Amino acid sequence: MIDISILGRAGDLPIAADFHSSEGVMALFGQSGAGKSTITKMIAGLIRPDAGRIAINGDTLFDSGKGIDVPVRRRRIGHVFQEARLFPHLSVRSNLTFARLAGRRIEPAAFDEVVELLGIAPLLARRPGSLSGGEKQRVAIGRALLSSPRALVMDEPLASLDPGRKAEILPFLDRLCHESRIPIIYVSHALEEVARLADTLTIVSQGRTVATGPIAEIMTRLDLGVATGRHEAGSIIEGRVVGQDADWGLTTLSVEDQLLQVPSREIAVGATVRLRIRARDVSIAIGATDGLSIRNRLSVSIEAITDESGPYAELLCRVGRQPLRARLTRASVADLDLHPGKTVTALIKTIAIDRREITGV
Amino acid sequence: MIDISILGRAGDLPIAADFHSSEGVMALFGQSGAGKSTITKMIAGLIRPDAGRIAINGDTLFDSGKGIDVPVRRRRIGHVFQEARLFPHLSVRSNLTFARLAGRRIEPAAFDEVVELLGIAPLLARRPGSLSGGEKQRVAIGRALLSSPRALVMDEPLASLDPGRKAEILPFLDRLCHESRIPIIYVSHALEEVARLADTLTIVSQGRTVATGPIAEIMTRLDLGVATGRHEAGSIIEGRVVGQDADWGLTTLSVEDQLLQVPSREIAVGATVRLRIRARDVSIAIGATDGLSIRNRLSVSIEAITDESGPYAELLCRVGRQPLRARLTRASVADLDLHPGKTVTALIKTIAIDRREITGV
Amino acid sequence: SLSGSPASGAEKLTVFAAASLKDALEAAGEAYASTTGTRIVFSFAGTSALARQLEAGAPADLFFSADQHWMDHVARAGAVDPATVAIVATNSLVFVAPGNQASPLALDKHAIDARLGGGRLAIGEPDSVPAGRYAREALTNLGLWSAVEAKLAPMENVRIALATVARGETPLGIVYASDAAVEDDVAVVASIPRDSHPAIVYPAAATFEAQEGAVDFIAFLKGPEGRKALISAGLQPVD
Amino acid sequence: MPSLDPAEWQALSLTLKVAATALIVTLPVAILAGYVLARLRFPGHGILNGLIHLPLVLPPVVTGYVLLILFGRRGPIGSFLEETFGITFAFNWTGAALAAGVMAFPLMVRPIRLAIEAVDPKLEEAAATLGSPRVVVLAVVTLPLALPGILAAAILGFAKAMGEFGATITFVSNIPGETRTLALALYTATQTPDGELAAFRLTILSTVVAFAALIASEVVARRLARAVKGGA
Amino acid sequence: MPSLDPAEWQALSLTLKVAATALIVTLPVAILAGYVLARLRFPGHGILNGLIHLPLVLPPVVTGYVLLILFGRRGPIGSFLEETFGITFAFNWTGAALAAGVMAFPLMVRPIRLAIEAVDPKLEEAAATLGSPRVVVLAVVTLPLALPGILAAAILGFAKAMGEFGATITFVSNIPGETRTLALALYTATQTPDGELAAFRLTILSTVVAFAALIASEVVARRLARAVKGGA
Ligand SMILES: Nc1ncnc2c1ncn2[C@@H]1O[C@H](COP(=O)(O)OP(=O)(O)OP(=O)(O)O)[C@@H](O)[C@H]1O
Ligand SMILES: Nc1ncnc2c1ncn2[C@@H]1O[C@H](COP(=O)(O)OP(=O)(O)OP(=O)(O)O)[C@@H](O)[C@H]1O
Ligand code: MOO
Ligand SMILES: [Mg+2]
Ligand SMILES: [Mg+2]
């Protein structure tokens, strides 16, 4: 549980951050220089806000009204800094065990697991000075994970890692957050990471948190295109697991009483899941849909059509109550004679609903 | 023109780099710790290779055989380091003009343009110490650009920038490289960036350059999945511009005598262009394809079907001579009775061919 | 004998003098200036330092040494004119004790031993500081050296030996009578016979480069005003 | 150079004892002072800084005299120490070490302060986020990173302690075997009309010892630098 | 404290002149030496390092004596300089500055070397990739970043130059208005039975000047630190 409502400044830039989440990963997203790192440092206690309140899992860490300002070392917030900040005179191993040795924190029994996950076993005896950029970043992640934190603050932790490594670390963070109930505040410019991981999304712009809320809601808001990047726009759809097909490796979901198939995940039948579906991955059909490799065909009604710059048009459709965004060419909108109120078939490539974009709720 | 063939070491890791390109952007891609930064430092003259030869645009910078080793300061290679390396005691402006003031380089008349492009005008009087992560990175890019380099070496230059800023900088680098004929060696983990920018791609693995060649060729190689990440696998298709439709904002291409529509770009009719099409964006139809918003329908023949882990199957198709990869569920392969030799329709969402993935040749 | 006679032209004389002569010479110098109009600039330092400086060509007119050895040394080295050497004052040695322990001391082993208790005898460093050298010769001749040899506190100069006794850091010290005379916190507890050591003399000489009439200041010290200055500093003038 | 005579041996071993003691005792205090000056802001900052530099500004004889007044057997601190702990400085080699330590102190505090100021506070912040209390951060982050400066301080301090003369001779006299270090022996030789040869021998001896200490320190420094800057 | 008498004024202004001259002349040499020791590896490295530290290890009187022999009017260097350039050190305030400079030199080289060693070579590399020749890198990157160390060196050097006594009195004697600095005047006062008051006044005076210099240097240092660490 994260409760943040602070005022402060970063140089000339006034900071006004106000966001809350009941559980899971909170993503901070915004342009370079928007104030994301400043906000994370305030949460960690490294910069003092002028006023406001910071509470995590019910523990108040800062409250200007009540005169509370828990010192950094007692906040127990694992901080992955944007610039690694490894201790240059200590071996990688000592960096990783620093919290236990120098901070008297009980190290979770996970040392080997974390080292393995991050692929840093061959580096343990080395010193940070000679590590590559990505290696440093991984050690910094490990150091924070092994500090038995009450919460994690991660400032672009995966920025210089290759896609393969990212794909291994993200599920781990996911589990850490949802199974071990350690809230994560996650700064990233990669919307894919954010969508995969976050439950709540806060958009920071010019020092202020301009939008915050459940990720589905924020991602679907058309007005945030500038902040999130058009390429990544999409919607979040909730469904219930109704079947597992082990042979084909597919999981079947029911979304507003229509069926949808996604690559299998070990989710119990009956569970509710959330899918991020990018607008660019949704096509529209008005007639028969036989003989197509696209398995997911949802009957939707068009609610609105927005013309965008260039060749694009954006459709806001409804699957029952839920919004689904589709991006087409204006040419196709004309060709198919699409207009609000019309009921059409939304085609969603099964495959386009990538593992990463399924999140258990 | 880049000609690199060197042997050396990074700590215990032997480095063997061998790659060449006749023009444009050369991307270095590989896992964290593979040796990319080490290779770039050898090119810049900061680390001495044990043996080999480095030549750029015909000028030999290093040749162990002939005893040539041009000192760093005379190599004129603009280097964007992975860790910014700004001069902390100088203002942002002095950092940017450092090459002119301290290196007696003629500054290209582009100061204002570069500052504007990078959005660092408000920072000029500040010192690097208080800049945000992304701001530092942008200043470092500007400093290298303004050093009137004969070549640029950029080590993950855009790693901590937001998608919007990236989208502004990438075309600039593109122009710089192709119009000003400044070769760029570009290290990145973001395949999207690489695909957008690079002409040549070199895969680095465990210190060795394991594959190098024109980007289309390397990206289509199925055996490099591990290095490139499955999510990003795709193919590069060449086509010729045959028409511009200003009304709908679409450009029509001819690919092996079939038509394909992509969002407009100012490319002259008759020019050859290259498209990156991700396997996950290609669907297959075996029957009629009326009433679909998907405009691009290529008749292809299936050459091979590979079963992948989980629900996936990968199709290698041919459009004439050119390869096109498609990723489907195994379930769909069975449902549609797909097999090698069969001729089918490949559906490619127009929109999925993003601006970023069109590169002029 | 020539006191009061005007110096011949020199506006300013430079005098290198042993630090222990500071009070006496400064007083005499003022008197000299007011009578003759010749200002005297003093450089006070350890005799040895001054001697070596003269050897190195120091631009002094006069040299006042605190002992004969160093005067001989510079004369041999050709740094002063041997013809001008003259003794201007003499001094003697005394035992001093901190002011509150002023009972007289008998000059025998047991008395000294008893007075020292576990403490030390502050003297000038016997190898390098003239006062220390005289003290050693005197104690040797008096048969006392072996009794105190292991209990010395050899000091860099006599003033520090004096200060050490004044502060009660050592129960006894050997200093010049001139020093003891001007320090209120010490009491003279025994005088050391003048014949137990070579005469303690302050020789003065002019350098070869001395300005004309420089020697007049040496003569002035032997006149009434000079004698007064020497006596008030606890020294004994020489005729 | 022919072998050393007993007096020279004595002066040499005494010098090493005095300088080493001065260094060992003073270094921790200098580290503390360097840290306080580097990292804390408080009203008496300027005064503390000034006091530390005083032994440098005043002629050593004055410092020696002040020591004599304070730490002599009758001095307020000296008599207290003697009565309470039985520690005597007066005319003792420990007094020589005290004088050497006091004179070396300002030379040691400066490089340490400089090195501590150069430690990136961001690393201390990182240590704090990992739960380290301030003293632990100091012990495991700040000081290890300031080690090159501490080493430089130790070298300056040791060299000064070896060469200290004015304050020592004033405070604890020039007693062979007790307080007559190489520097004092050398001084004594220069004060003697025919002391040139003895002085020359002692100069060579001091020089050799100093060179040996410096070379050893350079080796240590290089190891340190390698340890911090990376490698296996 | 009542106003200064003329002799005190003279000693004070002379001290400032001597210390400032010593600092200005010595600092560039110390920077050069610090750079050479920090960044170059060559066969004579250890010897140079040792020589620089010698004035610290030897008693000041010996250093003064060596200066007298070399730079005196009859000395090889002194006579050469006098004949060729008309520069005289002997018994001149310039000689006092020379002595102060020589004694302060090792104290200055150390912090400078330390600060230069702490400059990140990665920044020098970056400057090289931008085309800077080595000297320019030194001038615009290395030295500016070592400025806190250079400032520390200047402070130590100035303080030592102010307080230098042993080498000065041995080399250039104790001539009022010419070589009698505050330290020498203070020494002279301690040699006089009734000199306590004079000595006390001079001690206070020296202390006040030293404190003023230190406070000024702290202000400069803080500005410097702010300039480097960021802010507008
Ligand atoms: N001490 C300071 N003085 C002046 N400006 C500052 C200071 N600290 C931060 N800023 C400015 O405040 C803004 C917010 O900085 P912050 O580091 O929080 O940005 P960010 O959102 O993390 O950006 P990035 O994505 O580039 O890391 C930046 O424009 C930065 O330049
Ligand atoms: N001085 C050194 N000593 C030991 N190992 C070194 C040294 N320098 C580099 N290495 C190792 O060599 C490998 C290659 O390093 P390099 O910095 O070139 O990697 P990279 O490909 O740039 O990785 P990244 O994407 O993480 O920045 C790394 O595993 C690194 O730890
Ligand atoms: O500097 Mo001194 O003059 O150390 O004895
Ligand atoms: Mg940031
Ligand atoms: Mg790298």
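Observations on the structure shown:
- Around the Cα centre of the range B:1-137, unit charges on the Cβ atoms of Lys, Arg, Asp and Glu (plus for the first two, minus for the last two) sum to a dipole of about 560 debye.
- Listed residue (D:THR129, D:ILE112, D:ALA20) projecting farthest to the positive dipole end of the range D:6-231, Cβ model: D:THR129
- Two-site label geometry, D:LEU224 and A:SER130: point separation in nm, points 7 Å out along Cα→Cβ: 2.2 nm
- For the pair E:LEU32 and A:SER205, a Förster radius of 56 Å applied to the C-beta separation gives a FRET efficiency near 0.60, rounded to the nearest 0.05.
- Cβ nearest the rotation axis (B onto A), residue from chain B and distance to the nearest whole Å: B:ALA159, 2
- Among B:GLY239, B:HIS339, B:ILE267 - extreme Cα towards positive end, dipole of the range B:234-360, charges at beta-carbon: B:ILE267
- Magnitude of the charge dipole, the range C:177-231, Cβ model with Lys/Arg +1 and Asp/Glu -1, debye to 20: 280 debye
- In the structure shown, the pairs C:LYS12/E:LYS17; A:LYS136/B:LYS66; B:LYS136/E:LYS160; A:LYS36/A:LYS136; A:LYS66/B:LYS136 are assessed against 31 Å; a Cα-Cα span above that value is assigned to A:LYS136/B:LYS66; B:LYS136/E:LYS160; A:LYS66/B:LYS136.
- Counting only protein chain heavy atoms and rolling a 1.4 Å probe, the accessible areas of B:TRP248, D:TRP93, D:TRP9 rank, largest first, as D:TRP9, B:TRP248, D:TRP93.
- Packing rank of D:169-176, D:72-79, where each peptide gets the mean count of other beta carbons within 10 Å, highest leading: D:169-176, D:72-79
- Measuring between their Cα centroids, the range C:174-239 and the range B:94-160 lie 79 Å from each other.
- Dividing the Cα radius of gyration of the protein assembly as shown by 2.2 N^0.38 Å, with N the residue count, gives 1.23.
- Straight-distance candidates among the lysines for linking to B:LYS349, with alpha-carbon spacing under 19 Å and chain neighbours fewer than 8 residues away dropped: A:LYS349.
- Sorted from closest to farthest, the other copies place their E:SER3 label points 6.9 nm away, with each point set 7 Å from Cα along Cα→Cβ.
- A Cβ-based charge dipole, computed about the Cα centre of the range D:6-231 with Lys and Arg at +1 and Asp and Glu at -1, lands at about 540 debye.
- Shielding by partners, peptide B:152-163 (average Cβ within 10 angstrom, other chains): 5
- Residue-wise HN-Hα coupling along the range A:158-166, computed from phi with Karplus coefficients 6.51, -1.76, 1.60 (Hz; x: Gly, Pro): 10, 4, 10, 10, 6, x, x, 5, 4
- Counting only other chain Cβ atoms within 10 Å of each residue's Cβ, the peptide B:121-128 averages 2.
- Taking label positions 7 Å along the Cα-Cβ direction at both A:SER180 and D:PHE200, the computed distance is 7.5 nm, reported to one decimal.
- When its C-alpha radius of gyration is set against 2.2 N^0.38 Å (N residues), the range A:2-226 gives a value of 0.98.
- The range C:10-16 - phi-based ³J(HN,Hα) in whole Hz, Karplus 6.51/-1.76/1.60, Gly and Pro as x: 4, 7, 8, 10, 9, 10, 8
- Label point of D:ILE77 set 7 angstrom out along Cα-Cβ; within the range D:37-53, amide nitrogens under 20 Å from it belong to D:37, D:44-53.
- For the range B:2-226, with +1 on Lys and Arg beta carbons and -1 on Asp and Glu, the positive-most of B:LEU90, B:LEU118, B:MET154 along the dipole: B:LEU90
- Threshold 50 Å² - residues in the range C:161-176 whose accessible area is reduced by that much or more when the chain is no longer isolated, probe 1.4 Å: C:ARG167, C:GLU169
- Whole-number accessible area per residue in Å² for the range E:20-154, which is evaluated in the context of all protein chains at 1.4 Å: 37 Å²
- Other copies of A:GLU217: label-to-label distances in nm, shortest first, labels 7 Å along the beta-carbon direction: 5.4
- Computed [θ] at 222 nm, helices only, for chain B once each DSSP H run of length n ≥ 4 contributes -39500 (n - 2.57): -6000 deg cm²/dmol
- Percent carbon-and-sulfur accessible area, the protein assembly as shown, ignoring ligands, DNA and RNA, probe 1.4 Å: 57 percent
- Counting Cβ atoms of other protein chains within 10 Å of each Cβ in D:171-180 and taking the mean gives 5.
- Across the identical copies, how the D:PHE200 labels are spaced - nm, sorted shortest first, 7 Å along Cα→Cβ: 4.9
- Interface of E with D. Using a 1.4 Å probe and counting protein heavy atoms only, the two chains hide about 4000 Å² of accessible surface, both sides summed.
- Residue-averaged [θ]222 nm for chain D, counting only DSSP H segments that reach four residues, each worth -39500 (n - 2.57): -25000 deg cm²/dmol
The values are calculated or read from the model by the stated rules, or taken from the named source; none is laboratory data. Since the model is a prediction, treat every value here as computed from it, not as a measurement. As a convention, Cβ positions derive from the backbone with ideal geometry for all residues, glycine included, and neighbour counts pool all protein chains shown. Quick note on the areas: whole protein, heavy atoms, side chains included, nothing else; ligands and nucleic acids left out. Shrake-Rupley method; radii C 1.70, N 1.55, O 1.52, S 1.80 Å.
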